[in-house]
Amino acid sequence: MWERFSFYGMRALLILYMTRPGALGGLGYSMERSGSIYGWYGSSVYGLAIVGGFVADRLLGLYRSVLLGGIIIACGHFCMAYPSEQTFFLGLILIACGTALLKPNVSSMVGTLYNKDDVRRDAGFSLFYMGINVGAMTAPLICGPLGERVNWHLGFGAAGVGMTVGVIQYAFGKRYLIGASAPKTDASAAREEHRTSAAPKVPFTAAEWKRIAVIGILFVFSALFWMAFEQTGSSLNLFADRYTDRSLLGQTVPASVLQGLQPFFTIVLAPMFALLWLRLGKLQPSSPAKFSLGLLFVGLGMLLLVPAAKMAQQQSIKVSMLWLAGVYFLHTIGEMCLSPGGLSVVTKLAPPRIVGTMMGVWFLSLAVGNKAAGYAAGLFERMPLPRLFGSIAAMTIGAGFVLLILTRPIRKMMGDVN
(Lines give C-alpha, C1' and ligand atoms only; values in the text may rest on other atoms or scores of the structure.)
Protein backbone atom coordinates (compact mmCIF):
# COMPACT_ATOMS: atom_id res chain seq x y z
CA MET A 1 0.00 0.00 0.00
CA TRP A 2 2.68 2.51 1.01
CA GLU A 3 4.91 1.73 -1.94
CA ARG A 4 2.00 2.45 -4.28
CA PHE A 5 1.26 5.61 -2.29
CA SER A 6 4.76 6.87 -3.02
CA PHE A 7 4.71 5.78 -6.67
CA TYR A 8 1.26 7.11 -7.57
CA GLY A 9 1.81 10.31 -5.63
CA MET A 10 4.85 11.06 -7.75
CA ARG A 11 3.20 9.75 -10.94
CA ALA A 12 0.24 12.11 -10.53
CA LEU A 13 2.59 15.10 -10.55
CA LEU A 14 5.40 14.06 -12.89
CA ILE A 15 4.06 15.01 -16.35
CA LEU A 16 2.39 18.17 -15.00
CA TYR A 17 5.57 19.31 -13.25
CA MET A 18 7.73 18.78 -16.32
CA THR A 19 5.37 20.65 -18.68
CA ARG A 20 4.61 23.60 -16.37
CA PRO A 21 6.62 26.74 -17.23
CA GLY A 22 9.39 27.81 -14.88
CA ALA A 23 7.34 30.81 -13.75
CA LEU A 24 4.85 28.36 -12.23
CA GLY A 25 7.54 26.27 -10.56
CA GLY A 26 7.83 23.59 -13.25
CA LEU A 27 10.66 22.57 -15.54
CA GLY A 28 9.16 24.10 -18.68
CA TYR A 29 9.93 21.09 -20.89
CA SER A 30 8.16 20.49 -24.19
CA MET A 31 5.49 17.81 -24.34
CA GLU A 32 7.70 15.66 -26.55
CA ARG A 33 10.61 15.82 -24.12
CA SER A 34 8.36 15.31 -21.10
CA GLY A 35 6.70 12.29 -22.71
CA SER A 36 10.09 10.79 -23.50
CA ILE A 37 11.32 11.23 -19.91
CA TYR A 38 8.05 9.85 -18.57
CA GLY A 39 8.39 6.82 -20.83
CA TRP A 40 12.02 6.17 -19.93
CA TYR A 41 11.25 6.53 -16.24
CA GLY A 42 8.27 4.15 -16.39
CA SER A 43 10.18 1.63 -18.49
CA SER A 44 13.16 1.77 -16.11
CA VAL A 45 10.94 1.21 -13.06
CA TYR A 46 9.67 -2.05 -14.53
CA GLY A 47 12.56 -2.99 -16.81
CA LEU A 48 15.05 -3.17 -13.96
CA ALA A 49 12.71 -5.58 -12.18
CA ILE A 50 14.45 -8.49 -13.91
CA VAL A 51 17.63 -7.49 -12.05
CA GLY A 52 15.63 -7.26 -8.82
CA GLY A 53 14.24 -10.75 -9.35
CA PHE A 54 17.72 -12.12 -10.02
CA VAL A 55 19.09 -10.48 -6.86
CA ALA A 56 16.29 -12.02 -4.79
CA ASP A 57 16.77 -15.47 -6.32
CA ARG A 58 20.55 -15.58 -6.02
CA LEU A 59 21.62 -13.18 -3.26
CA LEU A 60 19.22 -11.53 -0.83
CA GLY A 61 16.00 -13.52 -0.86
CA LEU A 62 12.54 -12.01 -1.11
CA TYR A 63 12.23 -10.34 2.29
CA ARG A 64 15.54 -8.46 2.28
CA SER A 65 15.16 -7.42 -1.35
CA VAL A 66 11.80 -5.81 -0.61
CA LEU A 67 13.18 -4.08 2.50
CA LEU A 68 16.21 -2.63 0.69
CA GLY A 69 14.03 -1.56 -2.24
CA GLY A 70 11.70 0.38 0.05
CA ILE A 71 14.60 2.25 1.65
CA ILE A 72 16.03 3.25 -1.75
CA ILE A 73 12.61 4.43 -2.98
CA ALA A 74 12.19 6.67 0.07
CA CYS A 75 15.63 8.19 -0.54
CA GLY A 76 14.64 8.89 -4.15
CA HIS A 77 11.52 10.80 -3.17
CA PHE A 78 13.41 12.88 -0.63
CA CYS A 79 15.91 13.78 -3.35
CA MET A 80 13.01 15.06 -5.45
CA ALA A 81 11.83 17.14 -2.50
CA TYR A 82 14.91 19.33 -3.00
CA PRO A 83 14.24 21.93 -5.76
CA SER A 84 16.91 21.33 -8.38
CA GLU A 85 17.00 19.68 -11.78
CA GLN A 86 19.90 17.44 -10.73
CA THR A 87 18.15 16.04 -7.64
CA PHE A 88 14.99 15.56 -9.71
CA PHE A 89 16.74 13.14 -12.05
CA LEU A 90 18.71 11.52 -9.21
CA GLY A 91 15.41 10.88 -7.47
CA LEU A 92 13.94 9.25 -10.58
CA ILE A 93 16.98 6.94 -10.83
CA LEU A 94 16.77 5.91 -7.16
CA ILE A 95 13.02 5.26 -7.34
CA ALA A 96 13.52 3.11 -10.44
CA CYS A 97 16.27 1.06 -8.75
CA GLY A 98 14.33 0.66 -5.51
CA THR A 99 11.14 -0.38 -7.27
CA ALA A 100 13.14 -2.96 -9.22
CA LEU A 101 14.01 -4.65 -5.93
CA LEU A 102 10.60 -4.27 -4.34
CA LYS A 103 7.85 -4.75 -6.89
CA PRO A 104 8.57 -8.15 -8.52
CA ASN A 105 9.61 -9.72 -5.22
CA VAL A 106 6.62 -8.62 -3.17
CA SER A 107 4.42 -10.20 -5.87
CA SER A 108 6.47 -13.39 -5.67
CA MET A 109 5.93 -13.45 -1.91
CA VAL A 110 2.18 -13.51 -2.48
CA GLY A 111 2.66 -16.43 -4.85
CA THR A 112 4.34 -18.50 -2.10
CA LEU A 113 1.11 -18.43 -0.08
CA TYR A 114 -0.64 -20.82 -2.48
CA ASN A 115 0.08 -24.14 -4.10
CA LYS A 116 -0.08 -24.24 -7.89
CA ASP A 117 -3.39 -26.11 -7.94
CA ASP A 118 -5.08 -23.88 -5.34
CA VAL A 119 -8.15 -22.30 -6.98
CA ARG A 120 -7.88 -19.38 -4.53
CA ARG A 121 -4.63 -18.14 -6.09
CA ASP A 122 -6.15 -15.68 -8.62
CA ALA A 123 -8.62 -14.47 -6.00
CA GLY A 124 -5.74 -13.95 -3.57
CA PHE A 125 -3.87 -11.83 -6.10
CA SER A 126 -7.04 -9.79 -6.68
CA LEU A 127 -7.22 -9.03 -2.94
CA PHE A 128 -3.52 -8.17 -2.95
CA TYR A 129 -4.23 -5.85 -5.87
CA MET A 130 -7.04 -4.20 -3.94
CA GLY A 131 -4.73 -3.58 -0.98
CA ILE A 132 -2.03 -1.82 -2.96
CA ASN A 133 -4.67 0.30 -4.69
CA VAL A 134 -5.67 1.80 -1.34
CA GLY A 135 -2.29 3.54 -1.48
CA ALA A 136 -2.70 4.35 -5.17
CA MET A 137 -6.07 6.01 -4.52
CA THR A 138 -5.07 8.13 -1.53
CA ALA A 139 -1.79 9.35 -3.02
CA PRO A 140 -3.28 11.70 -5.66
CA LEU A 141 -5.67 13.10 -3.04
CA ILE A 142 -2.76 14.11 -0.80
CA CYS A 143 0.32 14.55 -3.00
CA GLY A 144 -1.63 16.02 -5.94
CA PRO A 145 -3.05 19.13 -4.24
CA LEU A 146 0.18 19.64 -2.28
CA GLY A 147 2.17 19.65 -5.49
CA GLU A 148 -0.19 21.63 -7.72
CA ARG A 149 -1.52 24.10 -5.18
CA VAL A 150 1.35 24.54 -2.68
CA ASN A 151 4.74 23.36 -3.95
CA TRP A 152 5.71 20.64 -6.40
CA HIS A 153 8.58 19.40 -4.24
CA LEU A 154 6.38 19.22 -1.16
CA GLY A 155 4.18 16.81 -3.10
CA PHE A 156 7.19 14.67 -4.04
CA GLY A 157 8.37 14.72 -0.43
CA ALA A 158 4.97 13.62 0.89
CA ALA A 159 5.25 10.54 -1.31
CA GLY A 160 8.57 9.77 0.38
CA VAL A 161 6.99 10.04 3.82
CA GLY A 162 4.49 7.38 2.78
CA MET A 163 7.29 5.05 1.67
CA THR A 164 9.13 5.58 4.96
CA VAL A 165 6.01 4.59 6.91
CA GLY A 166 5.78 1.50 4.72
CA VAL A 167 9.37 0.46 5.42
CA ILE A 168 8.85 0.81 9.19
CA GLN A 169 5.60 -1.16 9.06
CA TYR A 170 7.23 -3.87 6.95
CA ALA A 171 10.19 -4.24 9.33
CA PHE A 172 8.04 -4.45 12.46
CA GLY A 173 5.65 -6.89 10.82
CA LYS A 174 8.38 -9.31 9.75
CA ARG A 175 7.42 -12.07 12.18
CA TYR A 176 3.88 -12.21 10.80
CA LEU A 177 5.01 -12.16 7.18
CA ILE A 178 7.64 -14.85 7.60
CA GLY A 179 5.12 -16.96 9.47
CA ALA A 180 2.78 -16.77 6.51
CA SER A 181 5.32 -17.38 3.73
CA ALA A 182 7.74 -19.77 5.43
CA PRO A 183 5.95 -23.08 4.63
CA LYS A 184 7.82 -25.02 2.01
CA THR A 185 5.80 -24.37 -1.11
CA ASP A 186 7.45 -25.66 -4.25
CA ALA A 187 8.64 -22.15 -5.14
CA SER A 188 10.17 -21.18 -1.79
CA ALA A 189 11.76 -24.59 -1.27
CA ALA A 190 13.36 -24.52 -4.71
CA ARG A 191 14.79 -21.05 -4.13
CA GLU A 192 16.29 -22.11 -0.80
CA GLU A 193 17.72 -25.27 -2.31
CA HIS A 194 19.23 -23.30 -5.19
CA ARG A 195 20.94 -20.84 -2.83
CA THR A 196 22.37 -23.50 -0.52
CA SER A 197 23.34 -26.19 -3.00
CA ALA A 198 26.50 -26.20 -5.06
CA ALA A 199 25.08 -28.76 -7.49
CA PRO A 200 24.98 -27.80 -11.19
CA LYS A 201 21.75 -26.49 -12.66
CA VAL A 202 19.13 -29.01 -13.68
CA PRO A 203 18.08 -28.51 -17.35
CA PHE A 204 14.50 -27.45 -17.99
CA THR A 205 12.14 -30.12 -19.21
CA ALA A 206 10.22 -29.83 -22.48
CA ALA A 207 7.06 -29.00 -20.54
CA GLU A 208 8.87 -26.24 -18.64
CA TRP A 209 10.16 -24.73 -21.90
CA LYS A 210 6.62 -24.65 -23.28
CA ARG A 211 5.40 -22.84 -20.21
CA ILE A 212 8.25 -20.34 -20.47
CA ALA A 213 7.23 -19.80 -24.11
CA VAL A 214 3.68 -19.04 -22.98
CA ILE A 215 5.03 -16.35 -20.66
CA GLY A 216 6.82 -14.91 -23.70
CA ILE A 217 3.63 -14.86 -25.78
CA LEU A 218 1.59 -13.24 -23.04
CA PHE A 219 4.46 -10.78 -22.56
CA VAL A 220 3.70 -9.21 -25.97
CA PHE A 221 0.00 -8.75 -25.25
CA SER A 222 0.74 -7.45 -21.77
CA ALA A 223 3.02 -4.76 -23.24
CA LEU A 224 0.22 -3.63 -25.57
CA PHE A 225 -2.21 -3.45 -22.67
CA TRP A 226 0.10 -1.31 -20.54
CA MET A 227 0.87 0.98 -23.47
CA ALA A 228 -2.82 1.98 -23.42
CA PHE A 229 -3.35 1.75 -19.67
CA GLU A 230 -0.38 3.96 -18.79
CA GLN A 231 -1.84 6.86 -20.75
CA THR A 232 -3.47 7.60 -17.39
CA GLY A 233 -0.39 9.30 -15.99
CA SER A 234 0.62 10.99 -19.25
CA SER A 235 -1.81 11.93 -22.05
CA LEU A 236 -4.96 11.42 -19.99
CA ASN A 237 -3.47 13.45 -17.15
CA LEU A 238 -2.83 16.28 -19.62
CA PHE A 239 -6.32 15.86 -21.08
CA ALA A 240 -7.68 16.35 -17.57
CA ASP A 241 -5.48 19.41 -17.09
CA ARG A 242 -6.18 21.16 -20.41
CA TYR A 243 -9.48 19.93 -21.82
CA THR A 244 -11.62 18.86 -18.86
CA ASP A 245 -14.07 20.98 -16.88
CA ARG A 246 -12.99 20.20 -13.32
CA SER A 247 -15.47 22.45 -11.54
CA LEU A 248 -17.12 20.78 -8.56
CA LEU A 249 -19.20 22.50 -5.86
CA GLY A 250 -17.75 25.88 -6.75
CA GLN A 251 -14.14 24.64 -6.64
CA THR A 252 -11.70 23.50 -9.31
CA VAL A 253 -10.48 19.95 -8.74
CA PRO A 254 -6.70 19.59 -9.38
CA ALA A 255 -6.03 17.48 -12.47
CA SER A 256 -3.79 15.17 -10.45
CA VAL A 257 -6.67 14.27 -8.11
CA LEU A 258 -8.48 12.56 -10.99
CA GLN A 259 -5.63 10.02 -10.98
CA GLY A 260 -7.29 8.58 -7.88
CA LEU A 261 -10.38 7.46 -9.81
CA GLN A 262 -8.71 4.41 -11.29
CA PRO A 263 -7.49 2.88 -8.01
CA PHE A 264 -10.86 3.78 -6.45
CA PHE A 265 -12.59 1.66 -9.07
CA THR A 266 -10.02 -1.08 -8.41
CA ILE A 267 -10.90 -1.12 -4.71
CA VAL A 268 -14.59 -1.40 -5.58
CA LEU A 269 -14.20 -4.03 -8.29
CA ALA A 270 -11.38 -6.21 -6.90
CA PRO A 271 -13.53 -8.00 -4.28
CA MET A 272 -16.19 -8.59 -6.90
CA PHE A 273 -13.71 -10.16 -9.28
CA ALA A 274 -12.12 -12.16 -6.46
CA LEU A 275 -15.57 -13.52 -5.54
CA LEU A 276 -16.35 -14.20 -9.21
CA TRP A 277 -13.17 -16.24 -9.70
CA LEU A 278 -13.85 -18.15 -6.47
CA ARG A 279 -17.44 -18.92 -7.47
CA LEU A 280 -16.39 -20.09 -10.91
CA GLY A 281 -13.50 -22.15 -9.51
CA LYS A 282 -12.10 -24.38 -12.24
CA LEU A 283 -14.75 -23.05 -14.66
CA GLN A 284 -13.25 -19.54 -14.67
CA PRO A 285 -11.76 -18.29 -17.97
CA SER A 286 -8.21 -19.36 -18.71
CA SER A 287 -5.39 -16.87 -18.30
CA PRO A 288 -5.16 -16.14 -22.08
CA ALA A 289 -8.93 -15.53 -22.18
CA LYS A 290 -8.63 -13.10 -19.25
CA PHE A 291 -5.86 -11.32 -21.13
CA SER A 292 -8.15 -10.98 -24.17
CA LEU A 293 -10.85 -9.40 -22.04
CA GLY A 294 -8.32 -7.02 -20.53
CA LEU A 295 -7.19 -5.81 -23.95
CA LEU A 296 -10.77 -5.38 -25.18
CA PHE A 297 -11.80 -3.30 -22.18
CA VAL A 298 -8.75 -1.04 -22.21
CA GLY A 299 -9.34 -0.47 -25.92
CA LEU A 300 -13.00 0.37 -25.34
CA GLY A 301 -11.89 2.91 -22.74
CA MET A 302 -9.68 4.72 -25.25
CA LEU A 303 -12.45 4.51 -27.85
CA LEU A 304 -14.88 6.17 -25.44
CA LEU A 305 -12.62 9.21 -25.23
CA VAL A 306 -12.58 9.82 -29.00
CA PRO A 307 -15.87 11.81 -29.13
CA ALA A 308 -14.84 13.78 -26.04
CA ALA A 309 -11.53 14.67 -27.69
CA LYS A 310 -13.39 15.80 -30.82
CA MET A 311 -15.60 18.13 -28.79
CA ALA A 312 -12.64 19.48 -26.85
CA GLN A 313 -10.39 20.21 -29.84
CA GLN A 314 -12.83 20.95 -32.63
CA GLN A 315 -15.39 22.93 -30.62
CA SER A 316 -12.87 24.43 -28.15
CA ILE A 317 -14.89 23.44 -25.09
CA LYS A 318 -13.94 21.70 -21.89
CA VAL A 319 -15.69 18.37 -21.45
CA SER A 320 -17.20 16.82 -18.35
CA MET A 321 -15.09 14.82 -15.91
CA LEU A 322 -17.55 11.97 -16.47
CA TRP A 323 -15.80 11.14 -19.75
CA LEU A 324 -12.55 10.38 -17.94
CA ALA A 325 -14.45 8.59 -15.18
CA GLY A 326 -15.94 6.28 -17.83
CA VAL A 327 -12.52 5.68 -19.37
CA TYR A 328 -10.99 4.81 -16.02
CA PHE A 329 -13.89 2.50 -15.16
CA LEU A 330 -13.45 0.51 -18.37
CA HIS A 331 -9.67 0.46 -17.94
CA THR A 332 -10.06 -0.88 -14.42
CA ILE A 333 -12.27 -3.73 -15.63
CA GLY A 334 -9.52 -4.56 -18.11
CA GLU A 335 -6.90 -4.32 -15.40
CA MET A 336 -8.86 -6.69 -13.15
CA CYS A 337 -8.98 -9.23 -15.97
CA LEU A 338 -5.33 -9.01 -16.93
CA SER A 339 -3.04 -7.77 -14.19
CA PRO A 340 -3.78 -9.94 -11.12
CA GLY A 341 -4.09 -12.97 -13.40
CA GLY A 342 -0.82 -12.02 -15.09
CA LEU A 343 1.04 -12.00 -11.78
CA SER A 344 -0.60 -15.27 -10.85
CA VAL A 345 0.06 -17.08 -14.12
CA VAL A 346 3.79 -16.28 -13.97
CA THR A 347 4.09 -17.87 -10.53
CA LYS A 348 2.23 -20.91 -11.89
CA LEU A 349 4.08 -21.27 -15.21
CA ALA A 350 7.64 -20.35 -14.20
CA PRO A 351 9.94 -23.20 -13.10
CA PRO A 352 10.19 -22.86 -9.30
CA ARG A 353 13.94 -22.23 -9.23
CA ILE A 354 13.64 -19.11 -11.43
CA VAL A 355 10.27 -17.73 -10.33
CA GLY A 356 11.80 -14.46 -9.08
CA THR A 357 13.73 -13.93 -12.30
CA MET A 358 10.68 -14.73 -14.43
CA MET A 359 8.61 -12.27 -12.40
CA GLY A 360 11.26 -9.72 -13.31
CA VAL A 361 10.91 -10.70 -16.96
CA TRP A 362 7.17 -10.25 -16.62
CA PHE A 363 7.59 -6.72 -15.33
CA LEU A 364 9.74 -6.07 -18.39
CA SER A 365 6.48 -6.17 -20.37
CA LEU A 366 5.32 -3.23 -18.27
CA ALA A 367 8.61 -1.51 -19.11
CA VAL A 368 7.99 -1.90 -22.83
CA GLY A 369 4.40 -0.73 -22.38
CA ASN A 370 5.47 2.31 -20.36
CA LYS A 371 8.06 3.34 -22.94
CA ALA A 372 5.45 3.04 -25.71
CA ALA A 373 3.02 5.00 -23.55
CA GLY A 374 5.57 7.79 -23.18
CA TYR A 375 6.13 7.89 -26.93
CA ALA A 376 2.37 8.13 -27.55
CA ALA A 377 2.05 10.89 -24.94
CA GLY A 378 4.77 12.81 -26.77
CA LEU A 379 2.37 13.03 -29.73
CA PHE A 380 -0.20 14.86 -27.58
CA GLU A 381 0.51 18.23 -29.18
CA ARG A 382 1.53 16.93 -32.63
CA MET A 383 -1.41 14.67 -33.51
CA PRO A 384 -5.16 15.36 -33.28
CA LEU A 385 -6.30 13.72 -30.07
CA PRO A 386 -9.21 11.79 -31.66
CA ARG A 387 -6.70 10.12 -33.99
CA LEU A 388 -4.22 9.46 -31.15
CA PHE A 389 -6.79 7.91 -28.83
CA GLY A 390 -8.49 6.07 -31.73
CA SER A 391 -5.19 4.53 -32.87
CA ILE A 392 -4.46 3.20 -29.39
CA ALA A 393 -8.00 1.79 -29.19
CA ALA A 394 -7.64 0.04 -32.55
CA MET A 395 -4.34 -1.59 -31.59
CA THR A 396 -5.54 -2.96 -28.26
CA ILE A 397 -8.98 -4.13 -29.42
CA GLY A 398 -7.36 -5.83 -32.42
CA ALA A 399 -4.79 -7.51 -30.18
CA GLY A 400 -7.60 -8.73 -27.91
CA PHE A 401 -9.32 -10.54 -30.78
CA VAL A 402 -6.03 -12.02 -32.02
CA LEU A 403 -5.29 -13.44 -28.57
CA LEU A 404 -8.82 -14.82 -28.34
CA ILE A 405 -8.13 -16.82 -31.50
CA LEU A 406 -4.82 -18.09 -30.07
CA THR A 407 -6.28 -19.09 -26.70
CA ARG A 408 -6.76 -22.80 -27.49
CA PRO A 409 -3.19 -23.54 -28.74
CA ILE A 410 -1.74 -21.48 -25.87
CA ARG A 411 -3.72 -23.52 -23.35
CA LYS A 412 -2.26 -26.73 -24.80
CA MET A 413 1.24 -25.35 -24.23
CA MET A 414 0.34 -24.52 -20.62
CA GLY A 415 -0.35 -28.17 -19.79
CA ASP A 416 -2.24 -28.56 -16.53
CA VAL A 417 -1.98 -24.84 -15.64
CA ASN A 418 -5.16 -22.86 -16.26
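The values are calculated or read from the model by the stated rules, or taken from the named source; none is laboratory data. The model shown is predicted, which means the values in this text are computed figures rather than measured ones. Cβ atoms come from the backbone with ideal geometry, glycine included; neighbour counts cover every protein chain shown.
Give the number of residues within the range 312-367 that are of a type in the set (S, T, N, Q) and farther than 29 Å from ALA96 by Cβ.
Selection size over the range 312-367: 5.
Name the single residue that is farthest from the chain's Cα centre (by Cα) among those in the range 257-306 being closer than 27 Å to ILE405 by Cβ and polar (S, T, N, Q).
GLN284
What are the pairs, 6+ residues apart or on separate chains, where a residue within the range 212-241 that is more than 15 Å from VAL346 (Cβ to Cβ) has its Cβ under 6 Å from a residue that is of a type in the set (Phe, Trp, Tyr)?
Hits for this filter: SER234/TYR38; SER235/PHE380; LEU238/PHE380.
Considering (1) touching an Asp or Glu at 6+ places or on another chain (Cβ under 7 Å); (2) modelled with pLDDT under 90; (3) under 30 Å from PRO271 (Cα atoms), say which one GLY378 fails and leave the rest.
(3)
Regarding the range 408-416, can at least one residue be identified that is crowded, with 24+ Cβ neighbours inside 10 Å and out of contact with any strand residue (DSSP E or B) (no Cβ under 6 Å at 6 or more places or on another chain)?
No, the range 408-416 has no match at all.
Given the range 50-149, what helices (runs of 4 or more DSSP H) lie entirely inside it while holding 2 or more residues that are β-branched (Val, Ile, Thr), touching a Lys or Arg at 6+ places or on another chain (Cβ under 9 Å) and in contact (Cβ under 8 Å) with a residue 60 or more places away in the chain?
Of the helices (runs of 4 or more DSSP H) lying wholly inside the range 50-149, those with at least 2 residues that are β-branched (Val, Ile, Thr), touching a Lys or Arg at 6+ places or on another chain (Cβ under 9 Å) and in contact (Cβ under 8 Å) with a residue 60 or more places away in the chain span 121-145.
Quick one: how many residues across the range 15-32 are part of a helix (DSSP H, G or I) and under 16 Å from GLY233 (Cβ atoms)?
Here the count works out to 6.
Out of VAL165, VAL161, I need the residue that is aliphatic (A, V, I, L, M), surrounded by 17 or more Cβ atoms within 10 Å (Cβ to Cβ) and in a helix (DSSP H, G or I). Which one?
On inspection, the qualifying residue turns out to be VAL161.
How many residues does the range 3-42 hold that are modelled with pLDDT of 85 or more, within 21 Å of ASN151 (Cβ to Cβ) and among the basic types (Lys, Arg)?
Residues flagged as modelled with pLDDT of 85 or more, within 21 Å of ASN151 (Cβ to Cβ) and among the basic types (Lys, Arg) within the range 3-42 amount to 1.
Quick one: which helices (runs of 4 or more DSSP H) lie wholly within the range 305-418 and hold at least 2 residues that are free of Cβ contacts under 8 Å to residues at least 24 places away in the same chain?
Filter on the range 305-418 gives 385-414.
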